[in-house]
1. Going by what's in this entry, would Arg185 be described as over 22 Å from Lys66 (Cα atoms) and in contact (Cβ under 8 Å) with a residue 60 or more places away in the chain?
2. For the range 71-106: of the residues being assigned to a strand (DSSP E or B) and of a type in the set (D, E, K, R), which is surrounded by the fewest Cβ atoms within 10 Å (Cβ to Cβ)?
3. Considering only residues that are touching a helix residue (DSSP H, G or I) at 6+ places or on another chain (Cβ under 9 Å) and either open to solvent by less than 30 Å² (accessible area, probe 1.4 Å) or modelled with pLDDT under 95 (or both), which ones fall in the range 164-184?
4. Could you grab me the full set of residues in the range 143-153 that are of a type outside the set (Ser, Thr, Tyr) and loosely packed, with under 14 Cβ neighbours inside 10 Å?
5. Starting from residues that are among the charged types (D, E, K, R) and in a loop (DSSP other than H, G, I, E, B), keep the ones in the range 1-51 and report whichever is most open to solvent (accessible area, probe 1.4 Å).
6. Return a yes/no flag: does the range 129-142 have any residue that is touching a residue at least 40 places away in the same chain (Cβ under 8 Å) and among the polar types (S, T, N, Q).
7. How many residues are open to solvent by 10 Å² or more (accessible area, probe 1.4 Å) and either in contact with a Leu (Cβ under 6 Å, 6 or more places away or on another chain) or on the phi > 0 side of the Ramachandran plot (or both) when one looks only at the range 185-211?
Amino acid sequence: SKSTVYGTRKRLGITALKRWERNICNPTKRQLQIIYGSLLGDASISNGKKGKYDCESIFEVQHCEKQMNYVFWKYEELKNLCVSCPKQSLERKWRTRTFHHPFFSEIRKKWYPDGNKIISWEDIKNIDELGLAVWYMDDGSLSKESNFIKIHTCSFSVEDHEKLILWIKDKFDIKSYMKVYSGYRNLVIDINSRKDFINLIKKHVIESMKYKVTFREYHTWEN
């Protein structure tokens, strides 16, 4: 029993492993792309608190009920880093999370230096087409009326938007700009870069998200 193990360990002076030491955390390059792309989008990294105790951080993904297949795709990609399969909350959102580990604590230091999420230049400069696609699947939208592409980036500051614009242009040769809609900041893909942007990411977009990369050719390409 658990109590017998605890008593024997104490009697023999055997120190218990810390929680994070029980898990191997060695993400692949592909997994890192999914993690960083998700952090640009809707994912988060906890502050490590578990009740009144301090723990290492965890990476967490949460999406609405409509995006259930997307959450399960992320889970399958990150399965060896997760503690359990996706679960639905009382708010009917689907969620999956990793185990606690110093690896995620180190990422949190870069993305949440003061408790609020910012753009980690050190990490996004290494993001490739897969990470870009994950970000777009998280927060991007394609207008049915005009093939207008925007990414909902309202949580990021004006300075962070400047970083994103510079990064996308230098890394992928995609032009973009920030625009405010109804008081919220968005990153808009320039009209002359829309087709290039979609062609860059569409091979990585999963089936349930194909509607985000399917142009309506009969619509105007004017802004």
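The values are calculated or read from the model by the stated rules, or taken from the named source; none is laboratory data. Source: prediction; values computed, not measured. Cβ: placed from backbone, ideal geometry, glycine included. Neighbour counts: every protein chain shown. For the accessible areas, the whole protein counts, side chains as well, though only heavy atoms, and no ligand, DNA or RNA atoms are used. Shrake-Rupley method; radii C 1.70, N 1.55, O 1.52, S 1.80 Å.
1. Values: over 22 Å from Lys66 (Cα atoms): yes; in contact (Cβ under 8 Å) with a residue 60 or more places away in the chain: no.
Spelling it out, it is not the case that Arg185 is over 22 Å from Lys66 (Cα atoms) and in contact (Cβ under 8 Å) with a residue 60 or more places away in the chain.
2. So the residue we want is Lys87.
3. Passing the criteria: Leu164, Trp167, Ile168, Phe172, Ile174, Ser176.
4. Going through the range 143-153, the residues of a type outside the set (Ser, Thr, Tyr) turn out to be 144-145, 147-152.
Within the range 143-153, Lys144, Glu145 qualify.
5. Residue satisfying both the conditions and the ranking: Lys18.
6. So far as the range 129-142 goes, yes, one or more of its residues are touching a residue at least 40 places away in the same chain (Cβ under 8 Å) and among the polar types (S, T, N, Q).
7. 1
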